[in-house]
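The values are calculated or read from the model by the stated rules, or taken from the named source; none is laboratory data. Values in this document were obtained by computation on a predicted structure and should not be read as measured data. No Cβ is skipped: glycine too gets one built from the backbone with ideal geometry, and neighbour counts run over all protein chains shown. We work out accessible area using only protein heavy atoms, side chains counted, and drop any ligands, DNA or RNA first. Shrake-Rupley method; radii C 1.70, N 1.55, O 1.52, S 1.80 Å.
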Amino acid sequence: MRRGFLACVGFCAALPGFAWAGPPYVSDDAEPTDDGHYEIYLFNSGTNVRGDTGGQSGIDFNYGAAQDLQLTAVVPLDFDSAAGHATVAGLGNVELAAKYRFLHQADDGWDVAVFPRLFLPTMSSEVGDKRFSLLLPVWLEKDWDKWSTFGGGGCVLDNGRDTQNFCLMGWALARQVLPDLQIGAELVHQTAEMRGGRDSTSIGGGVKYDIDDHYHLLAYAGPGLQNAATTDRYSWYASVLFTF
């Protein structure tokens, strides 16, 4: 779930006037897609633990439906490669979400938004979650000069036979070092999502590069710090972003 969360929460854009936050980081920003604009990501993400590597590739689609309102749909293809077993893949949990910003930096000092996300049950017999689940996060953001800081978190309601409700929190700091290049770093913590599981903490670094006004490259990688062997030895994210 954590890498699925990374691949899907929050979406940045690179046209003038858009926010520089969100992907490739786990932490999201609080600024929705601009009214009438689109952001489309072709992404790949994953996590390695002892004896297993899993992740997803797919498309996430974002539309600025109104001022301060972003609508999102994500269609992932999940994969899992366990040591000693053949790699399995299939359609993962399709996600539907809406981001709404209710506070603005210009008036309140910070942008603040809610971004509830519904995970639909997968129809695959090999990968994904067979139940509905719901993520309920709050995200904050502040920008100044060439810097941006953003983060927050929320909880996933997914109380199944082997899973339990869990929470994820993250915070990132990023800087625009060149007109077409941004770098940043973040710290992320997640409580255990499996019954009898362990909490995890990780760090990561991200890069965003503008090819032009409509095409952008994003990448992220980082190691786990807490219970890494069983939760997150290392993780990655990469995507091509189309904005228009």
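Things to note:
- Screening the range 144-170 for residues that are out of contact with any Asp or Glu (no Cβ under 6 Å at 6 or more places or on another chain) and hydrophobic (A, V, I, L, M, F, W, C) and picking the one that is most open to solvent (accessible area, probe 1.4 Å) gives TRP144.
- Residues considered: GLU186, GLU141. Of these, the only one that is of a type in the set (D, E, K, R), touching a Leu at 6+ places or on another chain (Cβ under 8 Å) and crowded, with 22+ Cβ neighbours inside 10 Å is GLU186.
- For PHE244, the conditions (1) without any contact (Cβ under 8 Å) to a residue 60 or more places away in the chain; (2) more than 18 Å from PRO24 (Cα to Cα); (3) not acidic (Asp, Glu) all hold with the exception of (1).
- Test: residue in the range 132-141 that is more than 25 Å from LEU173 (Cβ to Cβ) and either more than 16 Å from the chain's Cα centre (by Cα) or of a type in the set (S, T, N, Q) (or both): yes
- Scanning the range 62-104 for residues that are within 30 Å of ASN48 (Cβ to Cβ), open to solvent by less than 20 Å² (accessible area, probe 1.4 Å) and without any contact (Cβ under 8 Å) to a residue 40 or more places away in the chain returns a single hit, GLY90.
- Residue check for TYR220: among the hydroxyl-bearing types (Ser, Thr, Tyr), over 18 Å from ASP52 (Cα atoms) and open to solvent by less than 60 Å² (accessible area, probe 1.4 Å): yes
- Search result, residues across the range 130-165 that are of a type in the set (Asp, Glu) and either free of Cβ contacts under 8 Å to residues at least 60 places away in the same chain or in a strand (DSSP E or B) (or both): GLU141, ASP143, ASP145, ASP162
- Conditions (1) closer than 23 Å to ASP232 by Cα; (2) part of a strand (DSSP E or B); (3) hydrophobic (A, V, I, L, M, F, W, C); (4) touching a residue at least 60 places away in the same chain (Cβ under 8 Å): number failed by VAL26: (2)
- Exclusive hit being surrounded by fewer than 17 Cβ atoms within 10 Å (Cβ to Cβ) and not aromatic (Phe, Trp, Tyr), set ASP232, ASP212: ASP212
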